[in-house]
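**Q** I am attaching a structure below and will ask some questions about it afterwards.
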Amino acid sequence: MATAAQSAGETRAAGFTPTDALLVVMVLVWGLNYIVLKAVLREVSPLAFNALRFSIAAATLALLAVAVGRTRPQRPDLRRLAALGFLGNTVYQFAFILGVALTRAGNAALIMAAVPVQTAVFSHLRGLERLRGRDAAGLLLSTAGIVTIVLGSGTGVTLGGSVIGDLLVFASTTCWAVYIIGTKPLADRYGALTATAYTMGFGAVPLVLLSVPALARESWTSVSGAAWAGLVGSALGALVVAYLIWFRGVERLGPSRTAMYSNFTPVVVALSAWPLLGETPTLWQAAGAAGIFGGIILTRT
């Protein structure tokens, strides 16, 4: 009898599918979100910004779940969703924000490239996917593309940066990978919308509570209409729409192949920054983008 991983791998569609097209949209949303963040965070502190956008996203997902009449998860699964929501939203967000603040941007970008590799390893160990040789090659090629982009971006990589910062960023990637793998069976059981709504809701509560001082210090009357629009857009786009697409990808393509798309986000950021911020892409970045694209092709054929 075939294992669950083998069955999933054999029935999973190869080639460019509608789900792949949605994942491209997700990457575009996440890439443009970086540009939005750069503008909004000039007016709103990171903790206050995160608390508000997670609150908006959690409320939106809850309303959507109620509107479509999704089944309420059973009590044991509710506990799992709560733990995963805390790990994948609260802990991840704080570890990532603090880590980026304590290390160099180049270090953080390289460490974040570990997400697809960690996801593939955890997924293989849990028996959710059977990784082929070309999947491993695609992961390595995509990671090499990230390395090429960082080395050619001028953001700098150093071993003399904060070790604590690097460890925090790495801890955040591990949290995200565990969150993805842990949530997949629940998303398969109750649907991506329900799983995302519950994990987002459970994760948003401690995130908001820990951000109360930052929310109280913020001068909300001085925040511009454009910043408010960016905050709401980031909540609905980067958290609601993108998360739902992500879990559709996990369901249809598997965790590791879906996670591969996250490595394309820096490419979108670089291309978006060209017309919007006047930052011209380099040949290194173009070569890195080719490597990332090649890695995705390897895993999808």
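Coordinate-derived values only; no laboratory data. Predicted, not measured: the structure shown is a model, and the values here were computed from it. Note that we place each Cβ from the backbone using ideal geometry, even for glycine, and neighbour counts take in every protein chain shown.
**Q** How large is ³J(HN,Hα), in whole Hz, for each residue of segment 221-228 in order, when computed from phi with the Karplus curve 6.51 cos²θ - 1.76 cosθ + 1.60 and θ = phi - 60°, using x for Gly and Pro?
**A** Computed from phi, the couplings for segment 221-228 are 5, 8, 6, 6, x, 5, 5, 4 Hz.
**Q** Of the peptides 71-83, 32-44, 53-65, how do they stack up when ordered by the mean number of other Cβ atoms within 10 Å, highest first?
**A** 53-65, 32-44, 71-83
**Q** Across segment 172-183, in residue order, what do the Karplus-derived ³J(HN,Hα) couplings come to in whole Hz, using 6.51 cos²θ - 1.76 cosθ + 1.60 with θ = phi - 60° and x for Gly and Pro?
**A** Calculated HN-Hα couplings, in order: 5, 5, 5, 4, 5, 5, 5, 4, 4, 5, x, 7 Hz.
**Q** Ranked from highest to lowest mean number of other Cβ atoms within 10 Å per residue, what is the order of the peptides 233-240, 111-118, 213-220?
**A** Result, highest mean first: 111-118, 233-240, 213-220.
**Q** If you don't mind, another one. Going 7 Å from the Cα of Val25 along its beta-carbon direction, which residues of segment 172-198 have the amide nitrogen within less than 16 Å of the resulting point?
**A** Flagged as within label range: 192-193.
**Q** Follow-up. Kindly identify segment 23-84 as rounded, prolate or oblate by the Cα gyration tensor criterion: order the square roots of the eigenvalues as a ≥ b ≥ c, call it rounded if a/c is under 1.5, otherwise compare a/b with b/c, prolate if a/b is larger, else oblate. Please list the in-between numbers first.
**A** Working: a/c = 2.40, a/b = 1.82, b/c = 1.32.
Prolate, because a/c is 1.5 or more and a/b exceeds b/c.
**Q** Counting each pair of different Cα atoms once, what's the Kirkwood radius of segment 17-140 in Å, rounded to one decimal?
**A** 17.9
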